[in-house]
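The values are calculated or read from the model by the stated rules, or taken from the named source; none is laboratory data. It should be emphasised that the depicted structure is a prediction, and the values quoted were computed from it without experimental measurement. With ideal geometry, Cβ positions are generated from the backbone for all residues, glycine too; neighbour counts draw on all protein chains shown. Areas reflect the complete protein model, heavy atoms only, side chains present, ligands, DNA and RNA absent. Shrake-Rupley method; radii C 1.70, N 1.55, O 1.52, S 1.80 Å.
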Amino acid sequence: MASVAAKSPVRRRRVDHRKAEADTEPSGPEDGSRTRGDSEGEAPVSPRPGTFWLTRVVLLRATAFIYLVAFSVAFTQNKQLIGERGLMPCRDYLNSVKRYVGGKIGIAALAYTPSILWLMDWSRMDANLDGIAVVGAALSGFVLVTGTANMVIMVSLWGLYHSLVNVGQLWYSFGWESQLLETGFLSVFLCPLWSLERISPQNPPSTINIWTFRWLIVRIMLGAGLIKIRGDQCWRDLTCMDFHYETQPVPNPLSYYLHRSPWWFHRFEVLSNHFIELVAPFFTFLGRRMCMLNGAVQILFQVVLILSGNLSFLNWLTIVPSLACFDDASLGFLFPSGTRQKVLQIQKEHAAGRGPKRTTGALARRALNISLAVLIGYLSVPVVMNLLSSRQVMNSSFDPLRIVNTYGAFGSITKERTEVIFQGTQSPDPKAPEAVWEEYQFPCKPGDVQRRPCVITPYHYRLDWLMWFAAFQTYEQSEWVIHIAGRLLANDSAVLSLVHHNPFQGREPPRWVRGEHFIYKFSRPGSASAAQGKWWIRKRIGAYFPPVDLEGLRSYFQSRNWPHPHIPTNKN
């Protein structure tokens, strides 16, 4: 035993000597080729825990992907919704804001509605909207492909999308718009000011910034969980999922089958939802491994939601701050060995005290990150108070720039699905028994009972989504429905571009358009209806709005300052 003990210090010194050599070993190639750590029979190179170089790349790419989707939706739909001939022209909205703030385009107008559209030529509004969308898509595409960005690019993306959201009115009134703006704002501080180098020792990612993303996912989930517990009784008696798949805004084919799951599975879903939204977020503050567990749980939860419905890009967007729960060591598998080796070398140099010298720019950046923490903390006060309030509101902003917001989803669940179906006829008398009424079909909302539910996520049809809300309101509460009816009577190309099927394509336009109200239910798999190819079974409730014609709508349009659609000459 004595001889063994005498040899131990020698062995220890040899091991330490080898370790010292490994620590001073130069980095391998950066082109992704095999390095010493990736040779046959050896473990691959893996960065050490506690840094976020690779996390930054993943966060930037994920944010850029959501921006790309959002700007693509804007490019394909903005002209029809808020353009020069849109259902709610943004020029009219800007004029109303201008009158409200005293008739001038100045600081007051910009503060009330932050948008670069104030500074552009309003006579070319369609071109302005397209230009914003194209530039935004190009910048976000660059960041997505390269995985690199600077503050200039990310501020530009944030400002461009802000300019659309703030004039988007009803069409941009949902929580994911503010959530994208908040995520985009935090992404600005991930980047160096000018440099486009992905992994630069001179521009380390800020731990403060990473924690602002983690704070965002905590608030998102707690807001969603608390609004459910305080809202619909079905979240407390565990029955909400009995209805959700059938009544959600835009179901997909999997929704059809999940709706018929056993009752115990639906109860398990609600319990799991409560755990994920109300318990798991606190794992963020319990150390590295528990934080990563929360990140994994949240990502898995969002993937399940993506697979089971078409909720715009909301669930994809919610994955983004969840990624901040992971450090370089846990994300290394996503990158080639050269990139991992570079990060590991930077980590070793910092551990040995050989990191880059502190420059004035580095000190300024540190001050900027501290300022960010103070700003987020200050703006979080009303958000936290709202979370603690028994009168909690969801999807609200407490500052005009939407930097820190409150979130929530499905605080109440509709137990019955109703749909508004537009129908048109060429009959001169809409009350005649022989009048043939033909249906318009929208891209994704239920209509034809034999049409399979669509899969569009993360894309988003804004009009289809708003039609879901209109169905459990009245047309007096959703006057834009009558505006659509008038445009359909005129075969308006802008509105028809938002329609999947126009029954009067290539024919005379309809003389009358009406809205019919139906209850929709999923057919039962294996039933006679399903065998006939019916995904839905519907039952008429009654009229949603009565038959209208262009001449009869003239005073209605004038009273609301809507341009009256052109009456085709063959109607005169």
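Observations on the model:
- When the convex hull of its Cα atoms is projected in every direction, mean area for the chain (nm²): 35.7 nm²
- Between D399 and W264, residue separation times 0.36 nm minus the direct Cα-Cα distance comes to 44.3 nm.
- Calculated FRET efficiency for the pair Q532/Q558, C-beta based, R₀ 56 Å, to 0.05: 0.75
- Across the range 307-312, computed HN-Hα scalar couplings (Karplus, 6.51 cos²θ - 1.76 cosθ + 1.60, θ = phi - 60°) run 6, 9, x, 10, 9, 6 Hz from first to last residue, x flagging Gly and Pro.
- Applying 1/(1 + (r/R0)^6) with R0 = 25 Å to the Cβ-Cβ distance of S371 and R288 gives a FRET efficiency near 0.40.
- Filtered chymotrypsin sites (Phe, Trp or Tyr not before Pro), the range 185-247: DSSP coil and at most 14 other beta carbons within 10 Å: W194
- Karplus 3J(HN,Hα) series, Hz, for the range 133-148 with 6.51 cos²θ - 1.76 cosθ + 1.60 (x for Gly, Pro): 5, 5, 5, x, 5, 5, 5, 5, x, 4, 5, 4, 6, 8, x, 9
- Model label points for R48 and L307, set 7 angstrom from Cα along the Cα-to-Cβ axis, are 3.8 nm apart.
- Size of charge dipole - the chain - debye, nearest 20, with Cβ of Lys, Arg +1 and Asp, Glu -1, no other charges: 1620 debye
- Percent accessible area from carbon and sulfur atoms, the range 331-457, protein chains only, probe 1.4 Å: 60 percent
- Shape call, the range 187-298: gyration tensor on alpha carbons, a/c limit 1.5: prolate
- Per residue value of the accessible surface for the chain (all protein chains in place, 1.4 Å probe), Å²: 45 Å²
- Counting all C-alpha pairs of the range 117-195, share separated by more than 16 Å (%): 55 percent
- Using a cut-off of 24 Å between Cα atoms, the listed pairs K228/K534; K415/K445; K79/K445; K79/K415; K415/K534; K431/K539 include K228/K534; K79/K415 as exceeding that distance.
- Whole-Hz couplings from phi, Karplus 6.51/-1.76/1.60, listed for the range 509-526; x for Gly and Pro: x, x, 7, 9, 10, 9, x, 10, 10, 10, 8, 10, 9, 5, 5, 8, x, x
- Label sites at W122 and F275, each approximated as a point 7 angstrom past Cα along Cα to Cβ, lie 5.6 nm apart.
- Placed amide H near Y544: partners under 5 Å, 5+ positions off or other chain: G515, E516, H517
- Shape category assigned to the range 51-167 from the gyration tensor of Cα positions, a/c cut at 1.5: prolate
- For the chain, the longest site-free run once GluC sites (Glu not before Pro) in DSSP loop states with at most 16 other Cβ atoms within 10 Å are removed: 198-415
- Efficiency of FRET between E508 and V135 - r from beta-carbon atoms, R0 41 angstrom, step 0.05: 0.50
- Residue (of S427, G159, T113) at the positive-pole extreme of the chain, dipole from beta-carbon charges: G159
- Under a 5 Å amide H cut-off, with hydrogens placed 1.01 Å from N, W536 pairs with S523 among residues at least 5 apart or on other chains.
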